[in-house]
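The values are calculated or read from the model by the stated rules, or taken from the named source; none is laboratory data. Given the structure is predicted, the values throughout are model-derived calculations rather than measurements. Because the Cβ atoms are built from the backbone with ideal geometry, glycine has one as well, and the counts that use them run over all protein chains shown. Each accessible area value is taken on the protein alone, full model and side chains, heavy atoms only, with ligands, DNA and RNA left out. Shrake-Rupley method; radii C 1.70, N 1.55, O 1.52, S 1.80 Å.
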Amino acid sequence: MNYENILFQVTDGVAVITLNRPKAWNALCTRLNTELEDALLAAEQDPEVRVVILTGGDKVFAAGADLKEMAQATPMEAARTSALAQRINNFLEQMSVPVIAAVSGLALGGGCELALACDFRVVAEDAQFGLPEVGLGILPGAGGTQRLAALAGAARAFEMVLLGRRISGAAAAQAGLATCAVEPGQVMAAALEMAAALKKNPAYSMALAKRAIVSGQTLGAGAGKLMERELFALTFANPDQAEGMRAFAEKRRPSFQNLR
Ligand code: DAK
């Protein structure tokens, strides 16, 4: 697919996807979402890719769904675009590689929901997270109500969703909504540093550990623990389990194959 609204680059096992529609504050139009879904699939299918970083660049992460497009949509078009947005956010959780959102500037509405669907959020201290949908007569429809409450608690979710209050990147890190907040201008460097740390761990056990965490979040803790038990057993089907334990016994660094 020819990308017009995103940039996609893989370097040393790190796939960087950059939302790139600056004139519309990276508003998530259907074309952008279609390209994003395509790039995420490509990253998942590339065995060389170990980590995905999703960013909007230095100025803005994304100002939400494309309101101009949404305002004119027929009910059938609205159904298709909302299915696409939900597919993307669910796929981010289902990917076998860790996904880091690198957030500078505004992450509003669907942009905030997109960041919340990633596994890590490395954010600028002065970034702004907000869910203004209720003020527009709709509500966050791409999983935001659930993911926000799970990450930062129902009290914060009520405040941000019903009152439409924005919070800064620094406050988001304190509230558990972001993984860490760094100085503006240092976001991509911090995300790449995190990617390098993730790459040291074997791909398959990270993939299964991610699946166990997400299963508990989506199915409940009881089902999550059952999944965890089965997934734990599955790690023994991958050569990196034997290598990790052999390296420990031999007091050396493991040399993982990273099959996933
Ligand atoms: N959509 C379309 N265009 C946008 C946009 C957006 N969200 N945000 C900005 N733009 C466009 C502006 O229309 C303007 O275009 P031109 O007039 O130049 O053609 C250009 O970007 C520059 O914007 P401004 O002139 O407004 O610039 P300012 O610096 O004054 O303000 C701003 C920037 C980002 C603060 C402001 O534009 C703004 O407040 N934008 C809207 C933010 C917002 O309300 N976002 C939430 C949208 S609702 C669902 C999935 C997802 C969703 C719902 C359901 N399902 C799966 C069911 C998500 C909903 C949302 O995200």
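By DSSP, the beta bridges lying fully in the chain are antiparallel in about 30 percent of cases.
On segment 1-63, 49 percent of the accessible area sits on carbon and sulfur atoms, based on a 1.4 Å probe. Going by accessible surface with a 1.4 Å probe and the largest first, PHE120, PHE248 read PHE248, PHE120. With a 10 Å cut-off between alpha carbons and a GNM built on the chain, which of ALA209, ALA62, ALA247 moves the most? The residue that fluctuates most here is ALA247. Taking the longest Cα principal axis of the chain as reference, the axis of helix 203-219 is set at about 50 degrees.
From the residues SER215, THR30, GLY130, which one has its Cα farthest along the dipole of the chain in the positive direction, the dipole being from +1 and -1 charges on Cβ of Lys/Arg and Asp/Glu about the Cα centre? The one lying farthest along the dipole's positive direction is SER215. To put it simply, the accessible area of segment 189-250 at a 1.4 Å probe is 65 percent carbon and sulfur. When PHE129, PHE256 are compared by accessible surface with a 1.4 Å probe, the order from highest to lowest is PHE256, PHE129. When the Cα atoms of segment 38-185 are aligned to their principal axes, the ranges along those axes come out at 42, 34, 27 Å in descending order. Of all DSSP bridge pairs formed entirely within segment 77-218, close to 15 percent run antiparallel. When the trypsin sites (Lys or Arg not before Pro) in segment 85-184 are filtered for DSSP coil states and for at most 16 other beta-carbon atoms within 10 Å of their beta-carbon, the remaining sites are ARG165.
Full extension of the chain between GLU4 and PHE91 gives 29.2 nm of extra length, using 0.36 nm per residue less the Cα-Cα distance. With one equal scatterer per alpha carbon and no solvent term, the Debye-computed log10 I(q)/I(0) for the chain at 0.09, 0.10, 0.11, 0.16 1/Å reads -0.41, -0.50, -0.61, -1.23. The angle between the Cα long axis of helix 30-45 and the longest principal axis of the Cα atoms of the chain comes to about 0 degrees, rounded to the nearest 10. Direction-averaged projected area, Cα convex hull, segment 113-238: 8.7 nm², rounded to one decimal.
Surface calculation, 1.4 Å probe, protein heavy atoms: LEU234 sits at approximately 70 Å² accessible. Taking 22 Å as the straight-line reach from the Cα of LYS68, the lysines in range (excluding those fewer than 8 positions away in the same chain) are LYS23, LYS59.
Solvent exposure of the chain, expressed per residue, is 51 Å² of accessible area, with all protein chains present and a 1.4 angstrom probe. Which of rounded, prolate or oblate describes segment 137-200 when judged by the alpha-carbon gyration tensor and an a/c cut-off of 1.5? Prolate.
Using alpha carbons only, how many degrees (0 to 90, rounded to 10) separate the axis of helix 187-199 from the longest principal axis of the chain? Value to nearest ten degrees: 30.
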